[in-house]
1. Has segment 54-61 got any residue that is surrounded by 14 or more Cβ atoms within 10 Å (Cβ to Cβ) and either within 24 Å of Val279 (Cβ to Cβ) or without any contact (Cβ under 8 Å) to a residue 12 or more places away in the chain (or both)?
2. Grab the helices (runs of 4 or more DSSP H) fully contained in segment 198-294, keeping just those with 2 or more residues being in contact with a strand residue (DSSP E or B) (Cβ under 9 Å, 6 or more places away or on another chain).
3. Among (1) over 25 Å from Leu51 (Cβ atoms); (2) surrounded by 19 or more Cβ atoms within 10 Å (Cβ to Cβ), which single condition is Trp232 missing?
4. Suppose we filter Arg94, Arg98 for residues that are modelled with pLDDT under 90, farther than 27 Å from Ser11 by Cα and basic (Lys, Arg); which single one remains?
5. Would a scan of segment 293-303 turn up a residue that is over 15 Å from the mean Cα position of the chain (by Cα) and either under 19 Å from Ile73 (Cβ atoms) or among the basic types (Lys, Arg) (or both)?
6. Any idea which of (1) of a type in the set (S, T, N, Q); (2) out of contact with any strand residue (DSSP E or B) (no Cβ under 9 Å at 6 or more places or on another chain); (3) at pLDDT 75 or above is the one Gln106 doesn't satisfy?
7. On the given criteria, is Ala99 out of contact with any helix residue (DSSP H, G or I) (no Cβ under 7 Å at 6 or more places or on another chain), on the phi < 0 side of the Ramachandran plot and in contact (Cβ under 8 Å) with a residue 40 or more places away in the chain?
8. Can you tell me which residues in segment 281-297 are touching a helix residue (DSSP H, G or I) at 6+ places or on another chain (Cβ under 8 Å) and hydrophobic (A, V, I, L, M, F, W, C)?
Amino acid sequence: MTSLHELFLTSLSLSVNTFGWVVVGLVLLRLGWVNVARVEQLSRFSFYWVLPLLLLSGAAGLDWQQPQSVRYILVGAAATLITLLLSWGYANWRGIGRAQKGAFIQGAYRSNLAIIGVALCATAYGELGVTTAALAIAVWTALYNVLAVWVLGTTMSEQRLSIAKAADEVAKNPLILGIAGGLLLSLPAGPPPHWISAGGGLIATFYLPIILISIGATMDLSQLRGSGSLAWQATGWRLILAPTLAVALAYAAGVRDVELGVLFLLIAAPAAAASFIMVVAYRGDGALAANILMLTTLLCAVTVPLGFFLLSLLGVI
């Protein structure tokens with residue numbers, strides 16, 4: 001039986017092995033040893049090539065000869081919708097302004113699935129974690145984008161957004177294309193070619209830390225000095241309320257073990273960088289979105305290992 005000490009160390013490793021690299025990036029930025037423009041180029045390269053290859057590798061490992069459980073994926077989607085509606089109701093109740101409402105709601109429901117989420121799954125469960133997360137990331141990424149169009153199109157009254165345009169952007173998303181390619185490779189009987197899983201392992205081992213360092217190297221902590229209570233409220237929704245709701249729904253639906261752990265790690269991840277990009281593009285409160293992004297990324301180093309430890313202690317993951 002796993003001791004309490006071992007459970008704690010396993011949970012702590014999630015923070016050290018994932019968010020430790022973000023701290024390294026912050027330190028390098030502070031010392032002036034990184035070129036922000038180069039880091040941004042690296043981030044774009046990662047989004048268009050490296051992360052799609054990692055997710056392709058994970059999706060290719062799906063074994064269609066075994067019954068596939070999609071229950072946790074459906075529960076995660078349902079939890080996302082409920083979180084969005086509840087946070088929207090909260091924003092109306094609190095009288096949050098139109099420019100801030102879109103940033104707040106996105107910060108509440110939209111997590112960083114494909115970078116920090118997948119890194120957490122790889123740290124916790126290795127290749128099994130990436131394989132289990134791949135299909136969920138595809139479904140939830142599509143859902144996140146469509147919901148973002150709805151939220152911003154409703155709250156930003158000057159500029160109505162097209163659901164058809166959002167669907168087109170989802171279809172062209174490199175991460176979705178990578179997962180779709182992996183699913184195609186997984187269809188024939190038998191395991192995928194060895195080089196596919198080996199390539200995914202190399203990316204998870206050597207390249208994910210570089211991506212995480214680049215996240216830290218682009219964070220300007222001086223902006224946090226102006227963070228108001230709204231950014232902290234959105235952070236509470238993102239890191240505490242959203243994952244708690246998702247885990248409770250999943251547990252009630254009978255989701256357990258690795259699937260419950262992956263669901264928690266993906267939904268408990270910090271706010272997605274795409275939420276900031278969309279808020280700025282549609283003339284919302286970019287400063288609020290940036291503060292939510294930074295606060296959730298920093299505090300996630302505490303909330304994720306703590307939540308993982310509690311779920312491990314309860315014996316449900």
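The values are calculated or read from the model by the stated rules, or taken from the named source; none is laboratory data. On a predicted model such as this, the values are computed, not experimentally measured, just so you know. Counting neighbours? That spans all protein chains shown, and the Cβs are built from the backbone with ideal geometry, glycine included.
1. No - not one qualifying residue is present in segment 54-61.
2. 229-236, 242-252, 257-267
3. Unmet for Trp232, out of (1) over 25 Å from Leu51 (Cβ atoms); (2) surrounded by 19 or more Cβ atoms within 10 Å (Cβ to Cβ): (2).
4. None of the others qualify; the one that does is Arg98.
5. Scanning segment 293-303, I find no residue that is over 15 Å from the mean Cα position of the chain (by Cα) and either under 19 Å from Ile73 (Cβ atoms) or among the basic types (Lys, Arg) (or both), so the answer is no.
6. Going through the list (1) of a type in the set (S, T, N, Q); (2) out of contact with any strand residue (DSSP E or B) (no Cβ under 9 Å at 6 or more places or on another chain); (3) at pLDDT 75 or above, Gln106 breaks only (2).
7. Criteria met by Ala99.
8. Ala287, Leu288, Ala289, Ala290, Ile292, Leu293, Met294, Leu295
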